[in-house]
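J.: Take this structure first; my questions come after.
Every number in this text was worked out from the coordinates using simple rules, so none of it is lab data. The structure presented is a predicted model; accordingly, all values stated were derived computationally and were not measured. Note that we place each Cβ from the backbone using ideal geometry, even for glycine, and neighbour counts take in every protein chain shown.
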Amino acid sequence: KAGVTQTPRYLIKTRGQQVTLSCSPISGHRSVSWYQQTPGQGLQFLFEYFSETQRNKGNFPGRFSGRQFSNSRSEMNVSTLELGDSALYLCASSLSEGEYEQYFGPGTRLTVT
Amino acid sequence: DQQVKQNSPSLSVQEGRISILNCDYTNSMFDYFLWYKKYPAEGPTFLISISSIKDKNEDGRFTVFLNKSAKHLSLHIVPSQPGDSAVYFCAASRSGAQKLVFGQGTRLTINP
């Protein structure tokens, strides 16, 4: 069974631009969560989607948004990029809502210049 | 407010010996704990977990111990192997909240 896939793996953007990252969960997994990893803040929860609905949201500004499609694939969008948004963005999937064990993709490394 | 803390940023252990990684938490609502291992340029890989109704869970060379009264958990790796060199993250969650709260990670280096 294929793992969680994320595209693109690397991305360079300029301040003020917007970016969309994509995540395909493990086949059969219906819940997708997004995390941001930075050297200073570690791994921080962004949001979680299940059945195309956002179920939980972390403490991030409204510039960060996401969505989930009927096939459980998910995208996250960051608008008006800031230098501090440079990070590794990780997607994790689990079988269903409320499953503790989450399986992570390789991440998308975003660099904002 | 760091609800999950891994106070040792790094740990160096000789091959064949026991590696012990520690994690403390402050939120008594957490009822499930997980350990992840992360190599550079890869996402975290799930290792082992434990529910708050248990105090020990074992899987091969990996054992996790939970001390609820002290709000402390530890991961034991016996025997340590060079391939265990990675960053280890402790994470916690609570019923009804899908999100995982992570510690800052401990970089484990296994020396031959």
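J.: Pairs only if they're at least six apart or on different chains, beta carbon under 8 angstrom, first in segment B:87-106 and closer than 13 Å to A:Glu48 by Cβ and facing chain A (nearest Cβ under 7 Å), second assigned to a loop (DSSP other than H, G, I, E, B) and of a type in the set (Asp, Glu); list them, first residue then second.
T.: B:Ser93/B:Asp31; B:Gln98/A:Glu97; B:Gln98/A:Glu99
J.: On the basis of being in contact (Cβ under 8 Å) with a residue 12 or more places away in the chain and facing another protein chain (nearest Cβ under 9 Å), does A:Ser31 make the cut? Spell out how you get there, then give the answer.
T.: On the way: in contact (Cβ under 8 Å) with a residue 12 or more places away in the chain: yes; facing another protein chain (nearest Cβ under 9 Å): yes.
For A:Ser31, the condition - in contact (Cβ under 8 Å) with a residue 12 or more places away in the chain and facing another protein chain (nearest Cβ under 9 Å) - is met.
J.: Can you tell me which residue among A:Ser93, A:Ser65 is under 20 Å from B:Thr45 (Cβ atoms), more than 8 Å from chain B (Cβ to nearest Cβ), of a type in the set (Ser, Thr, Tyr) and part of a strand (DSSP E or B)? Before the answer, list the steps.
T.: On the way: A:Ser65 fails: under 20 Å from B:Thr45 (Cβ atoms).
Just one listed residue meets the conditions, A:Ser93.
J.: Still on this structure, please answer the following. Out of (1) buried (at least 16 other Cβ atoms within 10 Å of the Cβ); (2) touching a residue at least 60 places away in the same chain (Cβ under 8 Å); (3) farther than 20 Å from B:Ala91 by Cβ; (4) not charged (D, E, K, R), the odd one out for A:Phe104 is which?
T.: (3)
J.: Follow-up. Which condition number does A:Leu110 fail, the rest of (1) surrounded by 19 or more Cβ atoms within 10 Å (Cβ to Cβ); (2) farther than 30 Å from B:Asn7 by Cβ; (3) not charged (D, E, K, R) being met?
T.: All conditions are met except number (2).
J.: Name the pairs: first residue in segment A:37-55 and within 9 Å of another protein chain (Cβ to nearest Cβ), second residue in a loop (DSSP other than H, G, I, E, B) and buried (at least 22 other Cβ atoms within 10 Å of the Cβ), Cβ to Cβ under 7 Å, at least 6 apart or on different chains?
T.: That search, which allows pairs on different chains as well, returns A:Gly42/B:Gly105.
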